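A.B. asks: Before I ask anything, let me first share the structure, which is written out below as structure tokens.
The values are calculated or read from the model by the stated rules, or taken from the named source; none is laboratory data. Keep in mind that what you see is a predicted model, and the values were worked out from it rather than measured. All Cβ positions, glycine included, derive from the backbone under ideal geometry; neighbour counts span all protein chains shown.
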């Protein structure tokens, strides 16, 4: 059975949140949700999540899962808020433990992170399968952008996170702690080995000037036209390109708050004795 997919695009972060369910079915998953965060004021917002809630309620859906493709470094997850309103469980790749340990050290473990993945309801590994109503989801590990990246395959649709972007944008960076350009190439080739008509749902789009945002492509389209990973580009050439390109990139604007929150399943750091939660900013570390 092939899923029905409705997507909500957040212009500020370039993030696509996908709501997935079987045609005619009520059980659903929400993939890669967004909580707004203003880095100038530290204020959060729920407008993007509330749009998803409105759609879910209007459609009569019952949310079973809030799925993360990885620990995002460019937006905060709204999974805890959505769970509190809609129910469901929060899932991510089991290798989030490695992300927690790497970034826990960077933040001197002062952000209340477990180091065991205990903040999440379910940790997925390669080959895991789980139902979403009449749909069956299969987990594919696609490390490289981070160690914990996953793709979720449901029928003819794969939700691939940041491994691949639209063909004219290319691929994700691989220079975050635990990232690996060679692993990213191999993960992309796994995705591109799926049947050509497989729909690929992207987590982000950063469109060139003059193009509208898009969040869906296909295996055939990516193999023919992806500027970093189309057929004929070998691993060594990709690694050389990706390494040189990553060296020119600034950190994402929301990386430090995002990682602190998202490796805790979207939960803000614990409030201090004055009732206020604080984001830590390392000085002269990055």
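A.B. asks: Of everything in region 76-102 that's in contact with a helix residue (DSSP H, G or I) (Cβ under 6 Å, 6 or more places away or on another chain) and not in a helix (DSSP H, G or I), which residue is surrounded by the most Cβ atoms within 10 Å (Cβ to Cβ)?
C.D. replies: 77
A.B. asks: Just one of 264, 199 is under 19 Å from the mean Cα position of the chain (by Cα), at pLDDT 95 or above and more than 16 Å from residue 160 (Cα to Cα); which is it?
C.D. replies: Details: 199 fails: more than 16 Å from residue 160 (Cα to Cα).
Answer to the check: 264.
A.B. asks: Right, another one. Quick one: which of 147, 143, 195 is farther than 25 Å from residue 97 by Cβ and out of contact with any strand residue (DSSP E or B) (no Cβ under 6 Å at 6 or more places or on another chain)?
C.D. replies: Among 147, 143, 195, only 195 is farther than 25 Å from residue 97 by Cβ and out of contact with any strand residue (DSSP E or B) (no Cβ under 6 Å at 6 or more places or on another chain).
Residue-wise test of (1) closer than 29 Å to residue 84 by Cβ; (2) touching a helix residue (DSSP H, G or I) at 6+ places or on another chain (Cβ under 9 Å); (3) part of a loop (DSSP other than H, G, I, E, B).
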position: 108; (1), (2), (3): no, no, yes
position: 111; (1), (2), (3): yes, yes, yes
position: 116; (1), (2), (3): yes, yes, yes
position: 146; (1), (2), (3): yes, yes, yes
position: 161; (1), (2), (3): yes, no, yes
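A.B. asks: Residues of region 209-239 being assigned to a helix (DSSP H, G or I) and either within 24 Å of the chain's Cα centre (by Cα) or closer than 19 Å to residue 173 by Cβ (or both), which ones?
C.D. replies: 219, 220, 221, 222, 223, 225, 235, 236, 237, 238, 239
A.B. asks: Quick one: would you say residue 153 is at pLDDT 95 or above, assigned to a strand (DSSP E or B), buried (at least 18 other Cβ atoms within 10 Å of the Cβ) and in contact with a strand residue (DSSP E or B) (Cβ under 7 Å, 6 or more places away or on another chain)? Don't jump to the end; show me each part of the working.
C.D. replies: Details: at pLDDT 95 or above: yes; assigned to a strand (DSSP E or B): yes; buried (at least 18 other Cβ atoms within 10 Å of the Cβ): yes; in contact with a strand residue (DSSP E or B) (Cβ under 7 Å, 6 or more places away or on another chain): yes.
Considered against the rule, which asks whether it is at pLDDT 95 or above, assigned to a strand (DSSP E or B), buried (at least 18 other Cβ atoms within 10 Å of the Cβ) and in contact with a strand residue (DSSP E or B) (Cβ under 7 Å, 6 or more places away or on another chain), residue 153 comes out as yes.
A.B. asks: Please pick out the residue among 170, 144 that is surrounded by fewer than 22 Cβ atoms within 10 Å (Cβ to Cβ), closer than 12 Å to residue 229 by Cβ and without any contact (Cβ under 8 Å) to a residue 60 or more places away in the chain.
C.D. replies: Answer to the check: 170.
A.B. asks: When region 118-140 is examined, which residues are found to be part of a loop (DSSP other than H, G, I, E, B), touching a strand residue (DSSP E or B) at 6+ places or on another chain (Cβ under 6 Å) and farther than 11 Å from residue 153 by Cα?
C.D. replies: The answer is 120, 121, 126, 133.
A.B. asks: Considering only residues that are closer than 16 Å to residue 267 by Cα and surrounded by 14 or more Cβ atoms within 10 Å (Cβ to Cβ), which ones fall in region 116-136? Explain how you work it out, then say what you get.
C.D. replies: Quick first cut of region 116-136, residues closer than 16 Å to residue 267 by Cα only: 116-122.
If the condition is that a residue be closer than 16 Å to residue 267 by Cα and surrounded by 14 or more Cβ atoms within 10 Å (Cβ to Cβ), then 117, 119, 120, 121, 122 are the ones that fit.
A.B. asks: Among the strands (runs of 3 or more DSSP E) contained in region 1-75, which hold 2 or more residues that are touching a residue at least 12 places away in the same chain (Cβ under 8 Å) and farther than 25 Å from residue 96 by Cβ? Give the derivation first.
C.D. replies: Values: elements: 4-10, 15-21, 27-31, 62-67.
The strands (runs of 3 or more DSSP E) meeting that bar are 4-10.
A quick yes/no check of all residues on (1) outside any helix (DSSP H, G or I); (2) surrounded by fewer than 21 Cβ atoms within 10 Å (Cβ to Cβ):
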| position | (1), (2) |
| --- | --- |
| 242 | no, no |
| 245 | no, yes |
| 253 | yes, yes |
| 266 | yes, no |
| 273 | yes, yes |
| 276 | yes, yes |
